[in-house]
Ligand SMILES: O=C(O)CCC(=O)C(=O)O
């Protein structure tokens, strides 16, 4: 069963503990949603025109799952979304602060998309896994997620599954997250999930922001891929999330780079 949609970090934190995930409304303003949606589809089109091809992402089936990488460079609204107060509050509660933003990319499931592979995001970790989650995924829904447009499917409660569980059995409990655009779907890194199949006639877009405890390597190499202007104008919290403001690890001559 999915948790009900809530509008605050306190209840969302309780749902993450119980279900492994939470659905949050009212935190992305309509203007930010519109900006982010337009910028995402524009970036996908730019990548297509420039033939900016990434390696195929191993967790997606087929060509109709379009990933838009390095989304932080594309428009200021993305830098705002990744450091929303509700995001920072839940990071602090679930994986602790400071945390790192490992990546934020968009995934557009186009009509005919065959979905993705069921997985947990901390799959890079050998088992047995530690008792607590090592990361969190914040998905910002840019389109309504419906029963037939490729809504992300999740297995509620799978964060508590035993290390040696048969995932094909758990897969039978996968449910689509049906929720309106503007919802934030946040799940901790042990929750099994996958992109659904898009049998509708319209694309379905969402941003997936992957955050980890600060001891893990980021998926995107921010130091090589971010435009200087993004770093120069980053808020203090964003500098921490990107590893430019740091303690103990990632230093330059023994000091935090910024
Ligand atoms: O596109 C989706 O619905 C899910 C994407 C996903 O599984 C991921 O980025 O880890």
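Throughout, read-outs are computed from the coordinates displayed, never taken from laboratory work. No experiment lies behind these values; they were computed from the predicted model shown. Cβ atoms come from the backbone with ideal geometry, glycine included; neighbour counts cover every protein chain shown.
So if each residue of separation counts as 0.36 nm, and I subtract the Cα-Cα distance between residue 123 and residue 1, what length gain in nm does that give?
On the way: separation 122, 0.36 × 122 = 43.92 nm, distance 2.36 nm.
Once the chain is fully extended between residue 123 and residue 1, it gains 41.6 nm.
What shape does the chain have by the C-alpha gyration tensor, where a ≥ b ≥ c are the square roots of the eigenvalues, rounded means a/c under 1.5, and otherwise prolate means a/b greater than b/c and oblate the rest?
Because its axes are fairly even, with a/c under 1.5, the chain counts as rounded.
Calculate the FRET efficiency for residue 131 and residue 75 from the Cβ-Cβ distance with a Förster distance of 35 Å, rounded to the nearest 0.05. Kindly include the intermediate steps, with their values, before the conclusion.
Values: r = 38 Å, r/R0 = 1.10.
Here the calculated transfer efficiency is 0.35.
Sort 71, 178 so the one with the fewest other Cβ atoms within 10 Å of its own Cβ comes first. Spell out each step's value before the answer.
Working: 71 25, 178 15.
Taking fewest neighbouring Cβ atoms as first place, the list is 178, 71.
What is the antiparallel percent of DSSP beta bridges lying wholly in the chain, to the nearest 5?
Details: 38 of 40 bridges.
The answer is about 95 percent antiparallel.
Note the full-extension length gain between residue 53 and residue 25 as 0.36 nm times their separation in residues minus their Cα-Cα distance, in nm to one decimal.
6.7 nm is the gain from fully extending residue 53 to residue 25.
Hey, for a label at residue 46 modelled as a point 7 Å past Cα toward Cβ, could you say which residues of the range 227-242 have their backbone N under 14 Å away?
227-230
For a paramagnetic label modelled at 7 Å from the Cα of residue 14 toward its Cβ, which residues of the range 133-159 fall within the zone defined by backbone nitrogen distances under 19 Å?
Once the point is set 7 Å along Cα→Cβ of residue 14, 157 turn out to lie under 19 Å by backbone N, inside the range 133-159.
Sort 1, 185, 136 so the one with the fewest other Cβ atoms within 10 Å of its own Cβ comes first. Don't jump to the answer; show the numbers that get you there.
Values: 1 8, 185 24, 136 27.
Sorted ascending by nearby Cβ count, the order is 1, 185, 136.
Identify which of 128, 76, 180 has the largest mean-square fluctuation in a Gaussian network model of the chain, with springs joining Cα atoms closer than 10 Å.
Result: 128 has the largest fluctuation of those listed.
What is the spin-label model distance, in nm, from residue 163 to residue 221 if the labels are put 7 Å beyond Cα along the C-beta direction?
Rounded to a tenth, the inter-label distance reads 3.2 nm.
With each pseudo-label sitting 7 Å past Cα toward Cβ, what's the residue 97-residue 199 distance in nm, one decimal?
Computed distance between label sites residue 97 and residue 199 equals 4.4 nm.
Beta carbons within 10 angstrom, averaged per residue: use that to sort the peptides 242-255, 8-21, highest first. The partial results should precede the final answer.
On the way: 242-255: 13.3, 8-21: 18.8.
In decreasing order of mean packing, 242-255, 8-21 become 8-21, 242-255.
Fewest first, what order do 145, 187, 208 take by the number of other Cβ atoms within 10 Å? List each step's numbers first, then the result.
Values: 145 23, 187 30, 208 19.
Least crowded to most crowded, the residues run 208, 145, 187.
Relative to the compact globular guide of 2.2 N^0.38 Å, what is the alpha carbon radius of gyration of the range 126-182, as a ratio?
On the way: Rg = 13.9 Å, N = 57, 2.2 N^0.38 = 10.2 Å.
With N residues counted in the range 126-182, Rg over 2.2 N^0.38 Å equals 1.36.
Have a look at 146, 40, 195 and tell me which one the Gaussian network model of the chain (Cα, springs below 10 Å) gives the largest fluctuation.
It is 146.
Once you order the gyration tensor axes a ≥ b ≥ c over the Cα atoms, which shape class does the range 193-258 get: rounded for a/c under 1.5, otherwise prolate or oblate by comparing a/b with b/c? Write down the numbers at each step before the final one.
On the way: a/c = 3.49, a/b = 2.21, b/c = 1.58.
Cα axes put the range 193-258 in the prolate bin.
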